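Engineer: Take this structure, written in structure tokens, and hold onto it; I'll ask about it next.
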Amino acid sequence: MELSSKIKELKEKIAGEIVMSENPGSTIRKWRLQFGIPQQRLARHLNLSPSVISDYETNRRRSPGIGMIRKIVNAIIEIDMERGGKVLGKILPYTGSDAIISVGDFTRPVRVAELAGALEARVETATGIEKNLYGYTMLDSVKAILAFDAFQSPRVFRFSSERALLFTGVKFGRSPLIAVRAHPIKPGAVVYVRPERVDPLAVRLAELENIPLLVTELQPQDIVKRMEEFMR
């Protein structure tokens, strides 16, 4: 089963449990606590007052309708993803090998600036732009984040950590940088492939780690072809 289907199934399971519960508020609270999310954080994500969440959980407010329940469940999952998917990774365990889309080693040193040019990439953080890279690894960002052991795989960094990690399926760009920051081995550069947008937090994390952050709108298959030019 694809990861997106697993996440959808989990959302439906949580929402169904809340709807069918004799005490929906307590069930909401149970799942919020299982994901380690403070009321204030959940409320902020939903653009609500923390008192509204508190009222739902203590049954001082009438049980939320299915529309609000879905919003709450989606928010819980999204917040965990923003924090690196640590709880989801435990609930939905699988090996991280399928997180790797493509990997290769360059036959010569390639400067980050040269890579940016080849990928027609926008440079979000220019720090380290002149460093050399010796390979690339393209990852499905959701699978890589939820299966944190994907970063442990020798296939990711291969012979050198001075390589570009390219992430597909990026929504806001926070989660990949959070995962990179938590890992002891740092890549030479991070590239977001066709992200929905890049959150300022992602840029800040890249700056803190002194990692060049690039954004390209090329399709993954076109990127692989351009990477082959550096591997000849």
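Engineer: Based on this model, can you work out whether Ser102 counts as at pLDDT below 80 and of a type outside the set (Val, Ile, Thr)?
Structural biologist: In short, no.
Engineer: If I ask for residues that are closer than 16 Å to Asp80 by Cβ and touching a Pro at 6+ places or on another chain (Cβ under 6 Å), which ones from the stretch 1-39 would you list?
Structural biologist: Gln39
Engineer: Among the residues of the stretch 92-112, is there at least one that is over 30 Å from Arg158 (Cβ atoms), outside any helix (DSSP H, G or I) and touching a helix residue (DSSP H, G or I) at 6+ places or on another chain (Cβ under 8 Å)?
Structural biologist: no
Engineer: Examine the stretch 16-32 for a residue that is out of contact with any helix residue (DSSP H, G or I) (no Cβ under 7 Å at 6 or more places or on another chain), closer than 28 Å to Ala182 by Cα and surrounded by fewer than 17 Cβ atoms within 10 Å (Cβ to Cβ), and state whether such a residue exists.
Structural biologist: yes
Engineer: Still on this model: Show the residue pairs that are 6+ apart or on different chains and have beta-carbon atoms under 6 Å apart, the first residue being within the stretch 58-75 and in contact (Cβ under 8 Å) with a residue 40 or more places away in the chain, the second being surrounded by 17 or more Cβ atoms within 10 Å (Cβ to Cβ) and among the small types (Gly, Ala, Ser).
Structural biologist: Ile69/Ala15; Arg70/Ala15; Val73/Ala15
Engineer: Among the residues in the stretch 220-229, are any part of a loop (DSSP other than H, G, I, E, B) and either in contact (Cβ under 8 Å) with a residue 24 or more places away in the chain or closer than 15 Å to Thr125 by Cα (or both)?
Structural biologist: Looking through the stretch 220-229, none of the residues is part of a loop (DSSP other than H, G, I, E, B) and either in contact (Cβ under 8 Å) with a residue 24 or more places away in the chain or closer than 15 Å to Thr125 by Cα (or both).
Engineer: Could you tell me which of the residues Val112, Val73 is buried (at least 20 other Cβ atoms within 10 Å of the Cβ), among the β-branched types (Val, Ile, Thr) and closer than 30 Å to Ile223 by Cα?
Structural biologist: The unique qualifying residue is Val112.
The values are calculated or read from the model by the stated rules, or taken from the named source; none is laboratory data. Computed from a prediction, not measured in an experiment: that's the story for all the values here. In this analysis, Cβ positions are derived from the backbone assuming ideal geometry, glycine residues included, and neighbour counts consider all displayed protein chains.
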